[in-house]
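The values are calculated or read from the model by the stated rules, or taken from the named source; none is laboratory data. Since this is a predicted model, take the numbers as computed values, not measurements. Glycine also receives a Cβ, built like all others from the backbone with ideal geometry; neighbour counts cover every protein chain displayed. Please note that ligands, DNA and RNA were not included when accessible areas were found on the heavy atoms of the full protein model with its side chains. Shrake-Rupley method; radii C 1.70, N 1.55, O 1.52, S 1.80 Å.
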Amino acid sequence: MSTLPVRMLLSPVLLPQGVSLRRRATALPEPVGPREGVTGTGPDLRLLIVGGSSAAGVGVGTQDDALTGKLVADLARDFTVFWRLEARAGATTGQTLARLLSVDLGQIDVAVVSVGVNDVQRHVSAMHYRRQQRALSQLLLGHGAKQIWRCAVPPMEHFLVPWPLRGVMAARARRLDEVLIRDSHPPLYRLPFHSTQLHPSQLAPSGVHPGAGLYADWARRLAAEIRARA
(Lines give C-alpha, C1' and ligand atoms only; values in the text may rest on other atoms or scores of the structure.)
Protein backbone atom coordinates (compact mmCIF):
# COMPACT_ATOMS: atom_id res chain seq x y z
CA MET A 1 0.00 0.00 0.00
CA SER A 2 2.88 2.40 0.75
CA THR A 3 5.01 1.73 -2.35
CA LEU A 4 5.35 4.48 -4.92
CA PRO A 5 3.72 2.55 -7.82
CA VAL A 6 0.69 1.75 -5.66
CA ARG A 7 0.40 5.36 -4.49
CA MET A 8 0.55 6.56 -8.07
CA LEU A 9 -2.15 4.09 -9.06
CA LEU A 10 -4.36 5.26 -6.19
CA SER A 11 -3.60 8.98 -6.56
CA PRO A 12 -6.99 9.81 -8.13
CA VAL A 13 -8.55 8.60 -4.87
CA LEU A 14 -5.84 9.62 -2.40
CA LEU A 15 -5.61 13.26 -3.48
CA PRO A 16 -9.25 14.22 -2.84
CA GLN A 17 -9.27 12.19 0.36
CA GLY A 18 -6.17 14.07 1.53
CA VAL A 19 -7.74 17.45 0.76
CA SER A 20 -10.87 16.49 2.68
CA LEU A 21 -8.81 15.30 5.66
CA ARG A 22 -6.82 18.54 5.81
CA ARG A 23 -10.05 20.54 5.82
CA ARG A 24 -11.40 18.50 8.72
CA ALA A 25 -8.13 18.68 10.63
CA THR A 26 -7.79 22.45 10.30
CA ALA A 27 -11.45 23.18 11.09
CA LEU A 28 -10.90 22.71 14.83
CA PRO A 29 -9.25 25.62 16.67
CA GLU A 30 -6.57 25.41 19.32
CA PRO A 31 -8.10 25.48 22.82
CA VAL A 32 -8.21 28.68 24.82
CA GLY A 33 -6.24 29.14 28.02
CA PRO A 34 -2.79 30.05 29.34
CA ARG A 35 0.33 28.50 27.83
CA GLU A 36 2.65 28.91 30.79
CA GLY A 37 2.43 29.19 34.53
CA VAL A 38 3.48 27.92 37.96
CA THR A 39 1.38 25.65 40.14
CA GLY A 40 1.62 22.96 42.80
CA THR A 41 3.73 22.26 45.87
CA GLY A 42 6.91 20.28 46.36
CA PRO A 43 10.25 20.17 44.55
CA ASP A 44 10.60 22.36 41.49
CA LEU A 45 9.94 20.72 38.13
CA ARG A 46 10.46 22.70 34.93
CA LEU A 47 8.19 21.20 32.28
CA LEU A 48 8.11 21.99 28.56
CA ILE A 49 5.50 20.58 26.14
CA VAL A 50 6.22 20.97 22.43
CA GLY A 51 4.88 19.76 19.10
CA GLY A 52 1.91 19.96 16.78
CA SER A 53 -1.86 19.81 17.01
CA SER A 54 -2.21 17.26 19.79
CA ALA A 55 0.44 18.95 21.92
CA ALA A 56 -1.46 22.21 21.37
CA GLY A 57 -4.66 20.53 22.56
CA VAL A 58 -6.71 20.60 19.37
CA GLY A 59 -9.89 18.61 19.91
CA VAL A 60 -11.03 20.18 23.18
CA GLY A 61 -12.22 23.65 24.09
CA THR A 62 -9.82 24.66 26.86
CA GLN A 63 -6.24 23.92 27.86
CA ASP A 64 -7.56 22.54 31.16
CA ASP A 65 -8.99 19.59 29.20
CA ALA A 66 -5.95 19.22 26.91
CA LEU A 67 -2.72 17.29 27.43
CA THR A 68 -0.91 20.18 29.07
CA GLY A 69 -3.67 21.05 31.52
CA LYS A 70 -4.22 17.46 32.60
CA LEU A 71 -0.50 16.71 32.88
CA VAL A 72 0.28 19.83 34.89
CA ALA A 73 -2.64 19.22 37.25
CA ASP A 74 -1.46 15.65 37.88
CA LEU A 75 2.20 16.56 38.46
CA ALA A 76 1.25 19.54 40.66
CA ARG A 77 0.20 17.09 43.38
CA ASP A 78 3.88 16.32 44.02
CA PHE A 79 5.87 19.13 42.40
CA THR A 80 5.94 22.89 42.01
CA VAL A 81 5.53 22.83 38.25
CA PHE A 82 6.98 25.65 36.16
CA TRP A 83 5.32 24.78 32.88
CA ARG A 84 5.30 26.09 29.33
CA LEU A 85 3.56 25.04 26.14
CA GLU A 86 5.27 25.68 22.79
CA ALA A 87 3.07 23.96 20.22
CA ARG A 88 1.15 24.93 17.11
CA ALA A 89 -1.53 23.13 15.15
CA GLY A 90 -0.18 21.73 11.90
CA ALA A 91 3.48 21.86 12.94
CA THR A 92 5.94 19.26 11.69
CA THR A 93 9.10 18.23 13.52
CA GLY A 94 11.15 20.65 11.41
CA GLN A 95 8.78 23.53 12.12
CA THR A 96 8.78 22.69 15.82
CA LEU A 97 12.58 22.71 15.88
CA ALA A 98 12.72 26.06 14.05
CA ARG A 99 10.23 27.54 16.52
CA LEU A 100 12.21 26.39 19.56
CA LEU A 101 15.44 27.77 18.11
CA SER A 102 13.79 31.19 17.91
CA VAL A 103 12.74 31.44 21.58
CA ASP A 104 14.50 31.48 24.94
CA LEU A 105 13.68 28.12 26.49
CA GLY A 106 15.59 28.59 29.73
CA GLN A 107 16.27 25.55 31.90
CA ILE A 108 14.22 22.37 31.41
CA ASP A 109 13.86 19.32 33.63
CA VAL A 110 11.29 17.37 31.61
CA ALA A 111 10.26 17.83 27.98
CA VAL A 112 7.25 16.22 26.32
CA VAL A 113 7.38 16.06 22.52
CA SER A 114 4.29 15.18 20.50
CA VAL A 115 4.91 15.61 16.79
CA GLY A 116 4.69 13.25 13.85
CA VAL A 117 1.18 13.10 12.42
CA ASN A 118 1.82 16.25 10.40
CA ASP A 119 5.11 14.74 9.19
CA VAL A 120 3.07 11.77 7.98
CA GLN A 121 0.66 14.05 6.14
CA ARG A 122 3.53 16.03 4.59
CA HIS A 123 5.29 12.85 3.33
CA VAL A 124 8.42 13.48 5.45
CA SER A 125 10.86 10.60 4.98
CA ALA A 126 12.05 8.46 7.90
CA MET A 127 15.63 9.64 7.34
CA HIS A 128 14.61 13.30 7.46
CA TYR A 129 12.39 12.68 10.49
CA ARG A 130 15.26 10.95 12.33
CA ARG A 131 17.64 13.81 11.62
CA GLN A 132 15.18 16.44 12.85
CA GLN A 133 14.15 14.43 15.92
CA ARG A 134 17.79 14.04 16.90
CA ALA A 135 18.41 17.77 16.45
CA LEU A 136 15.34 18.54 18.55
CA SER A 137 16.50 16.20 21.30
CA GLN A 138 19.98 17.71 21.33
CA LEU A 139 18.46 21.17 21.69
CA LEU A 140 16.37 20.05 24.68
CA LEU A 141 19.31 18.25 26.28
CA GLY A 142 21.34 21.42 25.88
CA HIS A 143 18.79 23.19 28.07
CA GLY A 144 19.24 20.63 30.83
CA ALA A 145 16.41 18.18 30.12
CA LYS A 146 16.79 15.05 32.25
CA GLN A 147 13.78 13.34 30.70
CA ILE A 148 12.59 13.75 27.13
CA TRP A 149 9.30 11.98 26.48
CA ARG A 150 8.67 11.51 22.79
CA CYS A 151 5.08 10.44 22.25
CA ALA A 152 4.74 7.69 19.66
CA VAL A 153 3.42 8.45 16.22
CA PRO A 154 -0.07 7.00 16.72
CA PRO A 155 -1.25 3.90 14.85
CA MET A 156 -3.23 5.76 12.23
CA GLU A 157 -5.14 2.70 11.10
CA HIS A 158 -7.45 3.57 14.01
CA PHE A 159 -8.12 7.12 12.82
CA LEU A 160 -11.47 7.98 11.24
CA VAL A 161 -9.95 8.35 7.78
CA PRO A 162 -11.39 6.70 4.65
CA TRP A 163 -9.67 3.81 2.92
CA PRO A 164 -7.24 3.69 1.08
CA LEU A 165 -5.79 6.92 2.57
CA ARG A 166 -5.97 5.39 6.04
CA GLY A 167 -3.81 2.46 4.97
CA VAL A 168 -1.22 4.68 3.29
CA MET A 169 -0.98 6.99 6.31
CA ALA A 170 -0.78 4.07 8.73
CA ALA A 171 2.19 2.64 6.82
CA ARG A 172 3.98 6.01 6.88
CA ALA A 173 3.22 6.42 10.59
CA ARG A 174 4.76 3.02 11.38
CA ARG A 175 7.97 3.97 9.55
CA LEU A 176 8.31 7.21 11.49
CA ASP A 177 7.47 5.57 14.80
CA GLU A 178 10.22 3.00 14.17
CA VAL A 179 12.64 5.93 14.30
CA LEU A 180 11.52 6.74 17.85
CA ILE A 181 11.66 3.09 18.88
CA ARG A 182 15.24 2.66 17.64
CA ASP A 183 16.43 5.96 19.13
CA SER A 184 14.91 5.45 22.58
CA HIS A 185 17.49 5.33 25.36
CA PRO A 186 17.65 7.28 28.64
CA PRO A 187 17.09 10.18 28.91
CA LEU A 188 15.12 9.80 25.64
CA TYR A 189 11.95 7.80 26.19
CA ARG A 190 9.06 6.82 23.94
CA LEU A 191 5.49 6.74 25.24
CA PRO A 192 3.49 4.29 23.11
CA PHE A 193 -0.15 4.55 22.14
CA HIS A 194 -2.33 1.49 22.54
CA SER A 195 -5.06 0.66 20.06
CA THR A 196 -7.67 0.72 22.84
CA GLN A 197 -6.86 4.38 23.46
CA LEU A 198 -7.75 5.25 19.88
CA HIS A 199 -11.29 3.92 19.87
CA PRO A 200 -13.50 6.26 17.78
CA SER A 201 -15.29 7.34 20.96
CA GLN A 202 -11.99 8.75 22.25
CA LEU A 203 -11.39 10.94 19.20
CA ALA A 204 -12.52 14.50 18.49
CA PRO A 205 -14.98 15.19 15.62
CA SER A 206 -12.04 15.58 13.22
CA GLY A 207 -11.34 11.86 13.58
CA VAL A 208 -7.60 12.52 13.93
CA HIS A 209 -7.35 14.53 17.17
CA PRO A 210 -7.80 13.31 20.74
CA GLY A 211 -10.95 13.99 22.67
CA ALA A 212 -11.03 14.94 26.36
CA GLY A 213 -10.95 11.33 27.59
CA LEU A 214 -7.91 10.45 25.51
CA TYR A 215 -6.05 13.57 26.65
CA ALA A 216 -6.79 12.66 30.29
CA ASP A 217 -5.55 9.09 29.87
CA TRP A 218 -2.48 10.25 27.96
CA ALA A 219 -1.60 12.76 30.69
CA ARG A 220 -2.11 10.20 33.44
CA ARG A 221 0.29 7.76 31.80
CA LEU A 222 2.88 10.47 31.19
CA ALA A 223 2.70 11.74 34.76
CA ALA A 224 3.25 8.23 36.13
CA GLU A 225 6.32 7.72 33.92
CA ILE A 226 7.77 11.13 34.80
CA ARG A 227 7.30 10.49 38.53
CA ALA A 228 8.96 7.10 38.27
CA ARG A 229 12.15 8.73 36.95
CA ALA A 230 12.15 12.03 38.85
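Whether any residue in segment 164-172 is out of contact with any strand residue (DSSP E or B) (no Cβ under 7 Å at 6 or more places or on another chain), farther than 18 Å from G94 by Cα, open to solvent by 30 Å² or more (accessible area, probe 1.4 Å) and at pLDDT below 95 is what I want to check. Yes, segment 164-172 contains a residue that is out of contact with any strand residue (DSSP E or B) (no Cβ under 7 Å at 6 or more places or on another chain), farther than 18 Å from G94 by Cα, open to solvent by 30 Å² or more (accessible area, probe 1.4 Å) and at pLDDT below 95. The number of residues in segment 137-172 being under 24 Å from R229 (Cα atoms) and in contact (Cβ under 8 Å) with a residue 12 or more places away in the chain comes to 16. Listed conditions (1) open to solvent by 50 Å² or more (accessible area, probe 1.4 Å); (2) touching a residue at least 40 places away in the same chain (Cβ under 8 Å); (3) under 21 Å from G37 (Cα atoms) are all met by R134, apart from (3). At least 3 residues being within 13 Å of the chain's Cα centre (by Cα) and over 30 Å from G40 (Cα atoms) is the threshold, and among the helices (runs of 4 or more DSSP H) wholly inside segment 63-176 those reaching it are 117-121. Screening segment 33-60 for residues that are β-branched (V, I, T) and open to solvent by 60 Å² or more (accessible area, probe 1.4 Å) and picking the one that is farthest from P154 (Cα to Cα) gives T41.
Suppose we keep only residues that are of a type in the set (F, W, Y) and over 18 Å from W218 (Cα atoms) within segment 61-117. Which one would you say is most open to solvent (accessible area, probe 1.4 Å)? Restricting to residues being of a type in the set (F, W, Y) and over 18 Å from W218 (Cα atoms), the top hit is F82.
Tally the residues that are closer than 16 Å to G57 by Cβ, touching a residue at least 40 places away in the same chain (Cβ under 8 Å) and either out of contact with any Asp or Glu (no Cβ under 8 Å at 6 or more places or on another chain) or of a type in the set (D, E) (or both), restricting the search to segment 173-213. Of the residues in segment 173-213, 8 are closer than 16 Å to G57 by Cβ, touching a residue at least 40 places away in the same chain (Cβ under 8 Å) and either out of contact with any Asp or Glu (no Cβ under 8 Å at 6 or more places or on another chain) or of a type in the set (D, E) (or both).
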